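Presented below is the structure to which this report refers.
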Amino acid sequence: MDNIRKPSVPGEVQRLTNQSSTEEGAAAAGSATPVPSAAAGSATTADSAYSMLGKGTDRGEQEKSTADRAVQDTAADGAKAATAAGKSGPDSGTGKATKGATPGAKQDPAAAEAPAEPLQTRSRRRKAQSAAAVPAKSGQGKAKAQGKAKVRRRWPAVVAGTATLAVVAAAVAAGTLYPGANATAQTEILPHQLPLGDATANCQGPTQLLAGSAEGADPEFAAGSSSTSTKLSTVVLSKADGGLPAAGVQSLDGAFTPLFTLSEEAAADANAKAVTGQPKMRAKVLRGQDAGAPSTLRIAPLGSEVPQSAGAVVVKAGDGDLMGLAAATCQAPSNDLWLTGASTAIGRTAVLSLSNSSPSPATVSLDLFSGQGPVQTAGGKGLVVAPGTVRQVVLAGLAPDQDLLSVNVKSTGGAVGAVIQQSVLRGLTPGGVDYIAPVQAPATELGIAGVRVQAPDAAAKISGQDGYADASTALLVTVPGASDAVVEVKAYGPKGQVALPGGGVVTATAGSITPLELKGLPAGDYSFSLTSDESVSAAVRMVNSTTPGEAVDVAYAPSTARLGSAQLMPVPADVSSSLVFTAPSGAATLRLVPIAEDGTLGTAKDLDLKAGTTLSVDPLKTLGGQTAAVLVSVAGAPTFGSQLLTTEDSADVAVLPIPGTTSGGGAITIITGW
């Protein structure tokens, strides 16, 4: 009732009361005419807001209840006004009937004498009469009253809407100020640095002649030739102040039995002074040690770093089925290795050696690629290599009768070293033996150094014999992906680039190994660069011989990583050594520091390496006859290098990749999930 406006004068109440009956009659007759009303719109808005708060009721019932109360209040006010008019007494004025009075009724004299109705009051009265004379559309008049009743109920919706807007604005501001809070943002996974520990490099043992069946992963080996010699050469470099780390060689017999000590941990030698008076670096060298079994070179950290070290094994046999020269660099263990160039065809034997110098077991899986595509085999999965041991796998048991084979070695748990002993026997004639070392991981640009090529006429006579089709120099390219690779190959000799047959462009088949014969090159030492539109791995198979019908030897030059600073390599005894370098894309400067067998570092020698050429260096002639190891540093364009080994008056040939820098630490990526 408080929401219904009360009249300002008694006469207006009376007239509204009379008009209400007219309005009800018109509404009952169904002759209502729509009248626009702001109150109706307000009521609708209030209903919507109130409904959002979950407090809405039946609208029709609310409108009916509100309208009934309005009519009752108006009638009551009219009755009060009539009572007040009756008390005023008869009209003693003009005697004219009051406008709006009931015809025939006695006129009140006081009413007749009443002053004229003010203009503002009359205007309000006429508006009220017009509204009453024109019946409102059903529910519209009621909505006007109801709208006023519900105006007070709008504030909860306003408050709720304002609070929601504030929350949204705060969320947007937080996302702008702190972009890392975005749930879809990509976060870089950083590797976790491991504590500094011992550095290890796994070294091969002597070559072994396979005995019995080649099936299975646990082969048996017969005794080798009595003339076979296996020599291990190692070197460790001190810190800049002359301090040496503890270093030694241990057997991979399951117990890490010590074989010999390379150096004891020692502080800087106060007597080892250069002309400038500053402490001078020094080294410890062990050359030509007998190695009757696989071993590992272990170097303890010295302070916050692990000094540089390197080792190499050289095996020579003057007779027997494994006649020839084989060599392998002691390699740092890894969880992912690629080896290219093996063969399991008739008369060819490939034995994969997996060495584990870590204290944790290693579980190894092998992926094989042949000249016809990937080789599916279950026998190459889940191979367990116990700590401190070597496990050997005959590849013919997994992929028999394959002219060419590449192997991807993957391990979980302990990291492993991997080398393939490849030998050839043509009838009763030895066809050579070598260790196939890991190549650079598949990439679109590769470099290979240290390839010795025979004269074309001599090479043609050897490969033209029956059963000697593979006794030729060839580049072997493996494409591990699902798309063919277009590979451009360039050859570099001492005087620059040399043309290759067919222009040096070859299409290598996806998922397989493709050979590119390197015929027609003049005799000499060469290097090669490869550029491909797909990632590939590569190695060069080379053959050396004396005269047709005599024994030949085979060797493999792998693709290697580019050289950096302070890379160490031993120079084996009792063989001829040649350091071969190339810089395909630009000029570089080599700095070679000789290390004598007593550990003394000699005077460095700088050599210029022209772009697109191959430089061969005899360490004994260039650096001195006492050279037992060489420290190599490179400045300039990317440079690749290897050590080429031969023996006089024989077909023996082998290649030693230059080892990378020593690392006793490491990093692993830790990913958690649920």
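Couple of notes before you dig in:
- Considered as a group, the residues in segment 474-523 that are at positive phi and out of contact with any helix residue (DSSP H, G or I) (no Cβ under 8 Å at 6 or more places or on another chain) include one that is surrounded by the most Cβ atoms within 10 Å (Cβ to Cβ), and that residue is Gly504.
- Considering residues of segment 332-366 that are without any contact (Cβ under 8 Å) to a residue 60 or more places away in the chain and over 20 Å from Gly431 (Cα atoms) only, the residue surrounded by the fewest Cβ atoms within 10 Å (Cβ to Cβ): Pro359
- Scope segment 303-316; condition part of a strand (DSSP E or B) and open to solvent by 20 Å² or more (accessible area, probe 1.4 Å); matching residues: Glu305, Lys316
- Hey, Ala386 in contact (Cβ under 8 Å) with a residue 60 or more places away in the chain, under 21 Å from Phe256 (Cβ atoms), surrounded by fewer than 22 Cβ atoms within 10 Å (Cβ to Cβ) and among the aliphatic types (A, V, I, L, M) or not: yes
- Condition met for Arg282 (modelled with pLDDT of 90 or more, surrounded by 20 or more Cβ atoms within 10 Å (Cβ to Cβ) and charged (D, E, K, R)): yes
- Filter pass, Lys381 being modelled with pLDDT of 95 or more, touching a strand residue (DSSP E or B) at 6+ places or on another chain (Cβ under 6 Å) and over 17 Å from Gln204 (Cα atoms): no
- Checked across segment 393-403, the condition of being assigned to a strand (DSSP E or B) and open to solvent by 30 Å² or more (accessible area, probe 1.4 Å) holds for no residue.
- Test: Ser559 is hydroxyl-bearing (Ser, Thr, Tyr), under 19 Å from Leu339 (Cβ atoms) and touching a Gly at 6+ places or on another chain (Cβ under 6 Å): no
- Candidate set: segment 440-473, residues that are touching a residue at least 12 places away in the same chain (Cβ under 8 Å) and among the charged types (D, E, K, R); chosen: the one least open to solvent (accessible area, probe 1.4 Å): Asp470
- Leading residue by the ranking (most open to solvent (accessible area, probe 1.4 Å)) among those in segment 407-439 that are of a type in the set (Val, Ile, Thr) and more than 28 Å from Ala491 (Cα to Cα): Thr412
- Filtered by the rule that a residue be among the charged types (D, E, K, R) and within 39 Å of the chain's Cα centre (by Cα), segment 546-582 gives a lone residue, Arg562.
The values are calculated or read from the model by the stated rules, or taken from the named source; none is laboratory data. This structure is a prediction, so every number in the text was calculated from the model and none was measured. Glycine gets a Cβ as well: all are built from the backbone with ideal geometry, and neighbour counts include every protein chain shown. Keep in mind that these areas ignore ligands, DNA and RNA; they rest on the heavy atoms of the full protein, side chains included. Shrake-Rupley method; radii C 1.70, N 1.55, O 1.52, S 1.80 Å.
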